Ligand SMILES: Nc1ncnc2c1ncn2[C@@H]1O[C@H](COP(=O)(O)OP(=O)(O)OP(=O)(O)O)[C@@H](O)[C@H]1O
Ligand SMILES: [Mg+2]
């Protein structure tokens, strides 16, 4: 696909849920997005990663038509942003903090959201039962929303997002405050949605969660630094597998490895060697004859730290 904004053309229909080029956005003198691109295929879980304030929420709000871009092009489900109303009923947005009516019951809040999408009567009752089951809170239906615990409130917020069976979900830190068991079931549910062809865009600061996504988009300094699978992102950050060895004569052995151009760090009798090709691991082990060793895989957290500076 040609990347130059001048001869960029809209890709094949139905290929992407969101696609954007040269997106800029400033809040007065604060330049948040500075010519950002984004490519989110349909039917994937896609994690927007980036330091605090890098513009993840701003981008989500823009995709929802809640924040205007200054310039650039964005297509959401094949519609340009200024015609977003055509696909609005197919979008679901879970904001970082959703205002629910605190004095209403859970069910009444869900009815309110259903009403926004024109879902009524029998269909509404069915849908409310279904989304409450997804978040495993069927028993809270009659409780006053303002009295729910933080995590329960967050789960009801997700239920509201699901009420219109959206094709494209934008979930801004959906698992904050959610217990590990529920989190696990949320992720299973997100994966199922993607398997059904729906697109799930998520922000999170929990790297184990980002690692579960099909794709990661790493935002920094107002741009998209990389968009790829978590494994590819680690490669992009230049991270390698590390061979951790306990050896005798560590000083001498370290010198040998350094002479061969390997990157080595020493801590007491432990050597940490960065290995680009897996095939070299066996060779190094044979020669170094460690008394103990381990191969440490790079983590997405390492990549995040490296790409954030
Ligand atoms: N309506 C607004 N008016 C002024 N500044 C804003 C507005 N919305 C966002 N900003 C600023 O834009 C920058 C990006 O904010 P945004 O909320 O998009 O970041 P984020 O990547 O979601 O961060 P976090 O990881 O903390 O959620 C921040 O400096 C924020 O203060
Ligand atoms: Mg945010």
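The values are calculated or read from the model by the stated rules, or taken from the named source; none is laboratory data. What you see is a predicted model; the values in this text were computed from it and never measured. Reconstructed Cβ throughout: ideal geometry from the backbone, glycine too, with neighbour counts over all protein chains shown.
Quick rundown of the values:
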| read-out | value |
| --- | --- |
| Failed criterion for residue 100 (all others in (1) within 16 Å of ligand 1 (Cβ to nearest atom); (2) modelled with pLDDT under 95; (3) touching a helix residue (DSSP H, G or I) at 6+ places or on another chain (Cβ under 7 Å); (4) over 22 Å from residue 307 (Cβ atoms) hold) | (1) |
| Residue in region 248-262 that is part of a strand (DSSP E or B) and modelled with pLDDT of 90 or more present | no |
| Some residue of region 76-90 being modelled with pLDDT of 95 or more, surrounded by 18 or more Cβ atoms within 10 Å (Cβ to Cβ) and more than 23 Å from the chain's Cα centre (by Cα) | no |
| Search result, residues across region 170-187 that are within 16 Å of ligand 2 (Cβ to nearest atom) and either buried (at least 18 other Cβ atoms within 10 Å of the Cβ) or over 18 Å from the mean Cα position of the chain (by Cα) (or both) | 170, 171, 172, 173, 174, 175 |
| Of all residues making up region 37-71, the number that are at negative phi and in contact with a helix residue (DSSP H, G or I) (Cβ under 6 Å, 6 or more places away or on another chain) | 8 |
| Flag if residue 225 is assigned by TED's automatic domain parsing to the domain that holds residue 87, in contact (Cβ under 8 Å) with a residue 12 or more places away in the chain and within 11 Å of the chain's Cα centre (by Cα) | no |
| Lone unmet requirement of (1) assigned to a strand (DSSP E or B); (2) more than 20 Å from residue 215 (Cα to Cα); (3) within 13 Å of ligand 1 (Cβ to nearest atom) for residue 73 | (3) |
| Helices (runs of 4 or more DSSP H) (entirely within region 140-234) containing at least 3 residues that are farther than 21 Å from residue 59 by Cα and within 14 Å of ligand 1 (Cβ to nearest atom) | none |
| Looking only at region 51-63, and only at residues there that are more than 9 Å from ligand 2 (Cβ to nearest atom) and touching a residue at least 60 places away in the same chain (Cβ under 8 Å), the one that is nearest to residue 91 (Cα to Cα) | 63 |
| Which numbered condition residue 82 fails, given (1) away from ligand 2 (no atom under 16 Å from the Cβ); (2) assigned to a helix (DSSP H, G or I); (3) within 28 Å of residue 191 (Cβ to Cβ) | (3) |
| Residue within region 26-44 that is closer than 26 Å to residue 206 by Cβ, within 11 Å of ligand 1 (Cβ to nearest atom) and either assigned to a strand (DSSP E or B) or at pLDDT below 95 (or both) present | yes |
| Number of the exception - residue 42 against (1) within 17 Å of residue 223 (Cα to Cα); (2) in contact with a strand residue (DSSP E or B) (Cβ under 7 Å, 6 or more places away or on another chain); (3) surrounded by fewer than 22 Cβ atoms within 10 Å (Cβ to Cβ) | (1) |
| Residue within region 292-302 that is exposed (fewer than 11 other Cβ atoms within 10 Å of the Cβ), more than 31 Å from the chain's Cα centre (by Cα) and either in a helix (DSSP H, G or I) or modelled with pLDDT under 90 (or both) present | no |
| Sole exception among (1) modelled with pLDDT of 95 or more; (2) more than 27 Å from residue 119 (Cα to Cα) for residue 166, by number | (2) |
| Single condition residue 70 does not satisfy, out of (1) more than 15 Å from ligand 2 (Cβ to nearest atom); (2) touching a residue at least 60 places away in the same chain (Cβ under 8 Å); (3) surrounded by fewer than 17 Cβ atoms within 10 Å (Cβ to Cβ) | (2) |
